[in-house]
Amino acid sequence: INGSIAVLDYDRNRDYRVLYPGKDKLIHNITLKGEELTTWQKPELRNNLAGPVQFFRTAGKDYLAFADSKGNLNVIDRRGRPRIGVAEEFRISSGSAVFENRTNSKGLFLMVSKKGSLSYLDGNGRISESDFGDYGKDPWFDYLDFNGDGDNDFVFCGNGQVAVYSKTKKVIASSSIKKADFSKPSIYTSQKVNWLAVRDRKS
């Protein structure tokens, strides 16, 4: 094993699958008993896996998404076959996961690119982008209901600033420290309010 492990239950029936990158640059898929799945195609990695494989079921189909350490994104089906062809030039930020889009109809999934743009990916591999400001290269990003209004919000952190935006790009909360090197934020959820904590690594 050479990287992050994902334990997935596709059909929520406790029939678990363990997906992991091997030193052979292939992604393996086994049962909890260690048995390899004969139908699994073993997708090949160009570089090390950036994080665990993610699973989605949306629009009546299964999707497995993963990125390598250089930001190359792959979207495959549960047998390891290509599901969505992502443009070669696109790179996902090392601080962003892939999220199912619950905001609009611009694409099935959303994420932040390496250059910091909010990026939507549709079922045909088309990518559309939206700019939220300069958060530097490889910004951290999260997508969740921060203010409790029932809609997911966009949370960016990088380049000495952190901000939460609504789906209409309205700033819900923000803070900045000039020339700060921010850590990965932590979000604390209570019944009444959400808190976002981040520290400057320099101080």
| task | Go through region 148-188 and give me each residue that's over 20 Å from T103 (Cα atoms), hydroxyl-bearing (S, T, Y) and out of contact with any Phe, Trp or Tyr (no Cβ under 8 Å at 6 or more places or on another chain). | result | S174, S175, S176, S183, S186
| message | Quick check on this structure: which one of D11, D24 is over 28 Å from E88 (Cβ atoms) and of a type outside the set (S, T, Y)? | response | D11
| message | For region 69-90, give me the residue count where each residue is free of Cβ contacts under 8 Å to residues at least 40 places away in the same chain and touching a Ser or Thr at 6+ places or on another chain (Cβ under 6 Å). | response | 0
| query | Filtering region 17-35 down to residues that are touching a Phe, Trp or Tyr at 6+ places or on another chain (Cβ under 9 Å) and farther than 18 Å from P82 by Cβ, which residue is most open to solvent (accessible area, probe 1.4 Å)? | reply | L32
| query | Which ones in region 147-158 are touching an Asp or Glu at 6+ places or on another chain (Cβ under 7 Å) and either within 16 Å of S105 (Cβ to Cβ) or modelled with pLDDT of 95 or more (or both)? | reply | D151, N152, D153, V155
| remark: Checked pairs for region 1-25, first more than 15 Å from F55 (Cα to Cα), second among the hydrophobic types (A, V, I, L, M, F, W, C) and surrounded by 13 or more Cβ atoms within 10 Å (Cβ to Cβ), C-beta under 7 Å and 6 or more apart or across chains, list as G3/L49; P21/I27; P21/L45; P21/L49; K25/L45
| Quick one: is F66 open to solvent by less than 40 Å² (accessible area, probe 1.4 Å), among the aromatic types (F, W, Y), in contact (Cβ under 8 Å) with a residue 12 or more places away in the chain and touching an Asp or Glu at 6+ places or on another chain (Cβ under 6 Å)? | no
| Selection within region 154-175 - closer than 15 Å to K137 by Cα and among the small types (G, A, S) | G158, G160
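Results for (1) among the charged types (D, E, K, R); (2) at negative phi; (3) modelled with pLDDT of 95 or more, shown as yes or no for each residue.
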{"site": "R126", "(1), (2), (3)": "yes, yes, yes"}
{"site": "D131", "(1), (2), (3)": "yes, yes, yes"}
{"site": "K170", "(1), (2), (3)": "yes, yes, yes"}
{"site": "K192", "(1), (2), (3)": "yes, yes, no"}
{"site": "W195", "(1), (2), (3)": "no, yes, no"}
| region 36-49, residues that are open to solvent by less than 70 Å² (accessible area, probe 1.4 Å) and either under 17 Å from L108 (Cβ atoms) or under 18 Å from the mean Cα position of the chain (by Cα) (or both) | L45, N47, L49
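The values are calculated or read from the model by the stated rules, or taken from the named source; none is laboratory data. Worth saying up front: this structure is predicted, and the values here are computed from it rather than measured. Note that each Cβ is placed from the backbone with ideal geometry, even for glycine, and that neighbours are counted across all protein chains shown. In case anyone asks, the SASA skips ligands and DNA or RNA and just uses the protein heavy atoms, side chains included. Shrake-Rupley method; radii C 1.70, N 1.55, O 1.52, S 1.80 Å.
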